Amino acid sequence: MRFSALGLLGLSGVLSATAVPLVHGEEQDWNLKREESAQEPNFLSLRPSLAHQYDSDNNIPKEKHFVESSFHYHYDGRFANETLPDEKVAPYLSNLIQTYLATMDSIGAETWIMHGTLLSWWWNMKIFPWDNDLDVQISEPTIHFLAEYYNFTDHHFEIPGVEGGRTYLLEINPYYVVKSTLDKLNVIDGRWIDKSSGLFIDITAVRPDDAKRQRGHLEALMCKDKHHYEESDIFPLRESYFEGVPVKIPYAYTELLAEEYGSSSMTKTLFKDHHFNDKTKVWDRISSKVKRMFRRGWGGDDIPKRSPGTEPVIRMDAV
Ligand SMILES: *[C@@H]1O[C@H](CO)[C@@H](O)[C@H](O)[C@H]1NC(C)=O
Ligand SMILES: *[C@@H]1O[C@H](CO)[C@@H](O)[C@H](O)[C@H]1NC(C)=O
């Protein structure tokens, strides 16, 4: 079902992939498109044994596991020495999230989008053209599962128009077992890293908030980055599409977005030098002059448009 949905969108083939995870020290090759085999660790079958609790407030790590590059905080310096050219960031980010979502879906690891990525989904199910990062979350049992079976695994994807495809690395922070928000150096629990460019997605785990639960607040959830949720904010997850692939969305997405960005974030069509075109559902880049006109209430519908096929031609006889 999952990949036939891709087929419906005309995207089959976009995400054909081979993952080479080390499972109990044993190398396995498989294609993301094929059926799950019996030996593959499956999240649901392992879930009960993975929900350990760690008492960590007295044992805060002194080192930071994920080190960002010196040239840009959204790049991993092990794989790059410079940022991508501006026009390449959007397609690379799109491939990052497509391959991440496909991989998590294939290994049965529950994940959903949050923060700015959820807001950009809200508008047109695509990344904002000005974005340079993406945010995803996973549940606590999922991070145990990924740490135990998929840490430091390479996942290779064929990508249309990219010779040789790209390899993505899934890395889990060893300090994910420390739940305390005092561990400020390790608020990111995992990363999905494009080894060809160094660009990555931050993965954060959403965990039961033990302190609040002990005080009788039974739905309380928290992340190490100090975001707090209710179970009913996130679960049951809803199904949608993002960048053309299936994605899961937190249940109360409108409330979550209003809380984080204000309700105007869902109505304001002018953002970061871009204007949202209601007809095409695209964020168009605009000049500051046009931006001022929009601010004064201009609708943007009265720009003359050249008729198709009438592009200017240089008259050679006039040269
Ligand atoms: C970055 O530059 C250093 C020094 O020139 C080089 O040794 C290294 O291989 C480069 N790394 C990448 C990922 O290109
Ligand atoms: C994942 O692997 C990396 C590289 O070996 C290691 O530094 C890190 O501690 C591992 N994470 C976990 C959760 O074991």
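Read-outs: derived from the displayed coordinates by stated rules, not from any lab. This one's a predicted model, so the numbers in the text were calculated from it and none came from an experiment. Note that each Cβ is placed from the backbone with ideal geometry, even for glycine, and that neighbours are counted across all protein chains shown.
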#### Entry: Charge-dipole axis of region 214-289 as Lys and Arg at +1 and Asp and Glu at -1 on Cβ define it, positive-most pick from Ile249, Met266, Ser288
Ser288
### Query
So, by mean Cβ neighbours within 10 angstrom, what's the order for 249-261, 214-226, 110-122 with the highest one leading?
110-122, 249-261, 214-226
### Message
For a test of the definition: using alpha carbon positions, the gyration tensor, and the 1.5 limit on a/c, classify region 149-302 as rounded, prolate or oblate.
### Response
oblate
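Cα-Cα over 26 Å: which of Lys88/Lys281; Lys126/Lys184; Lys195/Lys268; Lys88/Lys226?
Values: Lys88/Lys281 21 Å; Lys126/Lys184 31 Å; Lys195/Lys268 36 Å; Lys88/Lys226 32 Å.
Result: Lys126/Lys184; Lys195/Lys268; Lys88/Lys226 exceed 26 Å.
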### Query
Under a point-charge model restricted to the Cβ atoms of Lys and Arg (+1) and Asp and Glu (-1), what is the dipole moment magnitude of region 93-178 relative to its Cα centre, in debye to the nearest 20?
180
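For region 82-171, just say rounded, prolate or oblate: build the C-alpha gyration tensor, square-root its eigenvalues into a ≥ b ≥ c, call rounded for a/c under 1.5, and beyond that prolate if a/b exceeds b/c, oblate if not. Working shown, then result.
Numbers: a/c = 2.03, a/b = 1.22, b/c = 1.67.
Oblate, since a/c reaches 1.5 and b/c is not below a/b.
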### Query
How much net charge surrounds Thr204 when only other residues with a Cβ under 9 Å from its Cβ are counted (Lys, Arg +1; Asp, Glu -1)?
-3
